[in-house]
Amino acid sequence: MTFEHITLGVEGGIARLTFNRPAERNAMTAGMGLEIKEAVGLINENDEARVVVITGAGKSFCSGANLRTLGTEAGVGSGDDGLGSPERFYRLFLSVRDLRVPSIAAINGHAIGAGLCFALATDMRVMKVGAKVGVTFVKLGIHPGMAATWNLPRLIGPAAAADLLYTGRVIGHEEALAYGLVNRVAGDDFEEVVTELAQDVAASAPLAVRALKQTLAGTAERTIDDALVREATVQAGTFQTEDAAEGIGAILEKRRPQFKGR
């Protein structure tokens, strides 16, 4: 399928979704959000896709919402509950959380404001040396959005999140890694590092990985007892699959498993 604001392809178990507005530093628009939501649906329907890599065309990952069209595109300052409302705008992009397979934000360049918030909504993040990230909303005189106040404290802790949210400061790869905001940092080998991580995920048993993603999504709301019940129940189900037999057999036979998602 052809999109206007993004590109999408699947090969070797890896779906690659790219923000494709390089001249505007991949600034977000309502049209892009609609395409993101559609792409999530297409990926979820594609059994070949085992992991999703999301990046930006050109030198930026995503510069956030276009400052010239904040009111009309993102609905900032508007009480409208239609497409241009902030909640509607944000939910389109946060549909990335609805992916049934793990997602990796390949932060190839600056990820600012809502652009970083999008990356926070993915499962893992790889950041290129020299890239900058920041939740800069207060520098614009507006309250943070796109689940910044929900995702960031859960990811890096409330004190570190307060630092970044209250100051709106932009940080580099070293500080982002120290905070735990990103999983890995890479330089000239950025593409190779991202692909290696994606391939490692894609090589894992897809049924187990999809079930695990659902488990992790509810971790914050579970007690340890709830977690044990969830783990025991889902583990018993996956143990009955062909993939489990293949995985155990491969270990015993000292070979690489070939999972088929059955």
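Points worth noting:
- Number of positions in the stretch 168-180 that are touching a residue at least 12 places away in the same chain (Cβ under 8 Å) and surrounded by 14 or more Cβ atoms within 10 Å (Cβ to Cβ): 9
- In the stretch 151-167, of all residues being loosely packed, with under 15 Cβ neighbours inside 10 Å and not charged (D, E, K, R), the one that is nearest to the chain's Cα centre (by Cα) corresponds to 157.
- Applying the set (1) surrounded by fewer than 20 Cβ atoms within 10 Å (Cβ to Cβ); (2) modelled with pLDDT under 95; (3) touching a helix residue (DSSP H, G or I) at 6+ places or on another chain (Cβ under 8 Å) to residue 65 leaves exactly one unmet item: (1).
- Which listed residue is assigned by TED's automatic domain parsing to the domain that holds residue 124 and either on the phi < 0 side of the Ramachandran plot or loosely packed, with under 13 Cβ neighbours inside 10 Å (or both), from 243, 225, 189: 189
- Residue check for residue 113: modelled with pLDDT of 95 or more, farther than 30 Å from residue 204 by Cβ, assigned by TED's automatic domain parsing to the domain that holds residue 35 and buried (at least 24 other Cβ atoms within 10 Å of the Cβ): yes
- Tally of residues being closer than 23 Å to residue 12 by Cβ and of a type in the set (D, E, K, R) across the stretch 231-259: 5
- Filter result (among the basic types (Lys, Arg) and assigned to a loop (DSSP other than H, G, I, E, B)) within the stretch 88-129: 100
- Positions within the stretch 187-201 being within 13 Å of residue 124 (Cβ to Cβ) and of a type in the set (A, V, I, L, M, F, W, C), in sequence order: 193, 194, 197, 198, 201
The values are calculated or read from the model by the stated rules, or taken from the named source; none is laboratory data. Treat the numbers as computed from the prediction; the structure is a model and nothing was measured. Positions of Cβ are backbone-derived with ideal geometry, glycine not excepted, and every protein chain shown enters the neighbour counts.
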